[in-house]
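Undergrad: One structure, pasted below without further comment.
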Amino acid sequence: MTAQQQYEERHFVDSTRTVWNYSLFTDEDIRNFQQGTHYTLYKVFGNKQLTVLNVPGTYFAVWAPNATRVTVMGNFNHWNKEEHPLFVRLDNSGIWEGFIPHITAGESYKYHIHGYEGVQIDKGDPFAHFWEKRPLTASIAWGLDYEWEDNEWMQNRKKNNALDAPWSVYEMHLASWMRPDKHNEESYNSYAQITERLVPYLKEMGFTHVELMPVMEHPFDGSWGYQGTGFYAATSRFGNPQDFMAMVDALHQAGIGVILDWVPSHFPYDSHGLFKFDGTHTYEYADMRKGYHPDWNSYIFNYARGEVKSFLISNARFWCEHFHADGLRVDAVSSMLRLDYSRKEGEWEPNVYGGNGNIEAIHFIKNLNETLYRDFPDVQTIAEEASDWPGISKPTFMDGLGFGMKWMMGWMHDTLNYFKTDPYGRQFKQDQLSFSMMYFFDENFMLPLSHDEVVHGKSPMLYKMPGDDWQKFANLRLLYTYMFTHPGAKLLFMGNEFGATSEWNYKSELQWELLQHPSHSGLKYCIQKLNELYRNTPALYTKQFEEGGFEWVDLNHRAESVVVYKRKGNKADEDVLVLLNMTPVVRQDWQVYVKGKKHQWKEIFNSNEISFWGTGDVYNPQVKSELVDEATDTYRLTVHLPALGGVVLA
């Protein structure tokens with residue numbers, strides 16, 4: 001029996017009323033919602049275009065537990081605040097609902113709420129799938145019908161998204177990647193226009209995945225999407241929800257996975273958003289020692305409240321189910337885990353055990369990951385977490401938090417500090433380079449060179465590098481060679497691939513004009529070839545999270561700043577040797593000793609190629625190999641190392 005038939009059995013609908021007392025909720029829905037175990041709330045909350053008793057219209061449902069009256073206002077009633085009141089359920093759920101005949105998709109609306117202590121406020125719908133384009137703030141009645149054509153990707157993505165598959169992620173901000181008018185921050189390409197340009201670019205460059213900075217609706221461009229108000233809506237800046245679905249669909253058909261940045265840690269205080277939704281603290285903690293985020297002037301979700309937990313886990317499932325997301329990169333996990341995050345002594349209260357962990361948030365994160373991997377076993381969750389909190393990417397049955405991967409912030413800081421150093425001084429900082437492997441296998445790490453490293457005075461990647469122009473580009477090619485041959489997944493922010501010369505500016509677009517210069521186009525081609533190397537070399541990814549996939553070969557030449565390591569595959573003949581010369585001194589006839597029954601080696605990558613804007617004059621058409629110890633199968637290889645260059649042998 002359908003919900004409508006059940007309803008017609010239980011109720012008499014008075015067709016003279018402007019709002020009909022109609023419900024999609026079952027008793028089980030209410031129990032699970034309140035207990036924090038309802039993970040498909042988007043099926044019952046928000047707006048739903050239905051036909052009831054042969055009358056088309058829209059059903060509305062909103063949670064406002066401290067309200068005394070909730071009405072729907074919109075163009076359909078000339079924004080009359082009192083004309084269309086919803087019915088409160090009589091089960092103490094705090095849910096207000098009702099069916100309004102003849103409202104169709106495309107109608108703008110808000111909830112007018114008589115809230116706590118007589119406060120009257122106008123709110124957008126937390127579950128709306130479409131919002132007006134900012135600065136307008138109303139929700140829009142809209143469905144999610146779409147005919148997907150990515151069946152081949154969806155059937156095979158378990159392999160594409162596995163931890164033993166290549167992960168080369170292009171992180172991007174949709175608005176500023178490319179604009180119709182690069183000098184006008186109000187100028188946006190549509191989802192379709194972005195798709196037309198982005199898909200062939202990512203295919204050309206060879207990235208396996210794209211990570212989109214938050215596409216969820218947000219009022220302020222300067223937040224980059226991390227201060228959201230519409231958690232269930234793709235931003236209307238570029239089109240409607242189906243337009244975004246078509247973008248994901250096209251990426252999948254091109255063999256490119258889609259990761260969405262997701263922000264369950266906080267939300268802004270905009271009057272139409274979640275803050276004090278019914279006049280008091282509904283979605284956020286009431287105790288501002290837990291509920292207010294001093295760094296971002298925003299408010300923290302109340303993870304102890306079942307309804308909020310259901311809201312958030314349902315939201316994560318929503319993007320995987322309806323938008324075919326291949327994973328969620330979860331923002332600001334450290335701030336969720338720690339009660340003392342960015343707080344001084346006396347500004348936070350220890351948990352019941354006297355510690356600084358937010359126990360409710362920890363339970364929420366574990367339930368989140370358990371639910372997603374149960375329902376979508378071929379996706380990945382990735383934690384942006386910068387501390388030494390243990391077990392971030394360990395399964396929950398091993399007392400971990402259950403993420404698939406974690407950003408390796410320590411690697412990023414150490415690597416950038418090393419490469420910023422004048423090459424002469426690198427001999428004294430080699431430990432910064434080698435330290436990552438001391439703890440690498442504690443987690444499943446993704447190596448991030450993200451948007452955070454090229455804003456707020458940190459300078460673009462190119463200008464972090466020392467030396468003249470040629471040395472800057474050589475250093476950056478060397479850094480990227482190190483990154484792509486280091487164990488772990490890779491993430492590169494847009495513009496890093498061609499050497500942007502200014503910091504990222506969300507108001508403008510990338511400096512595409514730089515590609516007219518051979519130095520920048522050469523760097524871009526280097527990234528293209530590194531992606532090709534990574535994807536086509538099993539030793540670089542099949543064991544990227546296993547101890548057996550890496551071996552230091554030579555760390556004993558600090559004075560010359562030459563380091564050598566081996567990446568290992570499932571078979572010995574898959575192994576590759578990586579030699580990095582960190583100084584601007586050419587090393588002819590460099591000798592390195594390797595063990596194993598492999599005695600024939602060839603050069604498969606050289607960061608000094610002339611097509612990369614290198615000199616092209618130091619390379620290895622042949623690699624001399626001599627057996628020096630038959631008992632241990634030790635060979636001496638003689639290799640030419642270019643200045644500030646990386647060489648990969650197979």
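Any read-out appearing in this document is the output of simple, stated calculations on the displayed coordinates, not a laboratory observation. No experiment lies behind these values; they were computed from the predicted model shown. Here the Cβ positions follow ideal geometry from the backbone for every residue, glycine too, while neighbour counts run over all protein chains shown.
Undergrad: Considering only DSSP beta bridges where both residues belong to the chain, give the percentage that are antiparallel (nearest 5).
TA: 70 percent
Undergrad: First select every other residue whose beta carbon is under 13 angstrom from the beta carbon of GLY206; then total the charges, Lys and Arg +1, Asp and Glu -1.
TA: +2
Undergrad: Distance in nm between label sites at LEU90 and GLU149, each 7 Å beyond Cα in the beta-carbon direction?
TA: 5.2 nm
Undergrad: Now, a different point. Would you mind counting up the charge near GLY327? Only other residues with Cβ under 14 Å from its Cβ, with Lys and Arg at +1 and Asp and Glu at -1.
TA: Values: positive: ARG157, LYS158, ARG317, ARG329, LYS406; negative: GLU171, GLU211, ASP261, GLU321, ASP326, ASP331, ASP375, ASP378, GLU384.
With Lys, Arg at +1 and Asp, Glu at -1, the net is -4.
Undergrad: In which sequence would SER611, SER521 go, from the one with the fewest C-beta neighbours within 10 Å to the one with the most?
TA: Going from sparsest to densest Cβ surroundings: SER611, SER521.
Undergrad: When only alpha-carbon atoms count, how far does the stretch 138-195 stretch along each of its three principal axes, as whole angstroms with the largest first?
TA: 42, 32, 20
Undergrad: Also, I was wondering about something else. Given only helices, namely DSSP H runs of n ≥ 4 each adding -39500 (n - 2.57), what is the per-residue ellipticity at 222 nm of the chain, to the nearest 500 deg cm²/dmol? Numbers along the way, then the final one.
TA: On the way: 16 runs with 163 residues, N = 650.
Rounded to the nearest 500, the figure is -7500 deg cm²/dmol.
Undergrad: How far, in degrees from 0 to 90, does helix 409-420 lean away from the longest principal axis of the Cα atoms of the chain, to the nearest 10?
TA: 40 degrees
Undergrad: Normalised by the number of residues in the chain, what is the relative contact order in percent for Cα pairs under 8 Å and 6+ residues apart?
TA: 10 percent
Undergrad: Still on this structure, I have one more. Among all the aspartates and glutamates, which ones have a C-alpha under 13 Å from LYS203's C-alpha, if same-chain residues fewer than 8 places away are not counted?
TA: Candidates past the 8-residue exclusion: GLU532.
Undergrad: Given a cut-off of 23 Å, name the pairs among LYS464/LYS490; LYS158/LYS543; LYS43/LYS159; LYS543/LYS597; LYS123/LYS507; LYS366/LYS568 whose C-alpha atoms lie farther apart than that in the structure shown.
TA: Where the Cα-Cα span goes over 23 Å, the pairs concerned are LYS43/LYS159; LYS123/LYS507; LYS366/LYS568.
Undergrad: In addition: May I ask you to sort GLU284, GLU117 by Cβ crowding, counting other Cβ atoms within 10 Å and putting the fewest first?
TA: GLU117, GLU284
Undergrad: Students often check this: by mean Cβ neighbours within 10 Å, which of 426-433, 627-634 ranks highest, and how do the rest follow? Display every interim value, and only then the final one.
TA: Working: 426-433: 16.8, 627-634: 10.4.
Highest mean packing first, the order is 426-433, 627-634.
Undergrad: At 0.36 nm per residue, and after removing the present C-alpha to C-alpha distance, how many nm does the segment from SER187 to SER387 gain when stretched out fully?
TA: Working: separation 200, 0.36 × 200 = 72.00 nm, distance 3.82 nm.
Result: 68.2 nm gained on full extension.
Undergrad: Quick check: pseudo-label points 7 Å beyond the Cα along Cα→Cβ at ASP573 and ARG374, how many nm apart are they?
TA: 4.6 nm
Undergrad: Compute the Cα gyration tensor for the stretch 230-271, then decide on rounded, prolate or oblate, letting a ≥ b ≥ c be the square roots of its eigenvalues: rounded whenever a/c is under 1.5, prolate when a/b is larger than b/c in the other cases, and oblate in all that remain.
TA: Judged from the Cα gyration tensor, the stretch 230-271 comes out oblate (a/c at least 1.5, b/c at or above a/b).
Undergrad: How far is helix 469-485 tilted off the main Cα axis of the chain, in degrees rounded to 10, range 0 to 90?
TA: 70 degrees
Undergrad: What does the charge dipole of the chain about its Cα centre add up to, to the nearest 20 debye, if the Cβ of each Lys and Arg holds +1 and the Cβ of each Asp and Glu holds -1?
TA: Around 780 debye, computed over the chain.
Undergrad: On alpha carbon coordinates alone, what is the Rg over Rh value for the chain, Rh being the Kirkwood radius?
TA: Expressed as Rg/Rh, it is 1.03.
Undergrad: Hey, can you rank 574-586, 44-56 by average C-beta count inside 10 Å, highest first?
TA: In descending order of packing, they fall as 574-586, 44-56.
Undergrad: Can you list the aspartates and glutamates whose alpha carbon sits under 13 Å from that of LYS290, skipping same-chain ones fewer than 8 residues off?
TA: Those aspartates and glutamates meeting the cut-off are ASP340, GLU347, GLU349, GLU360.
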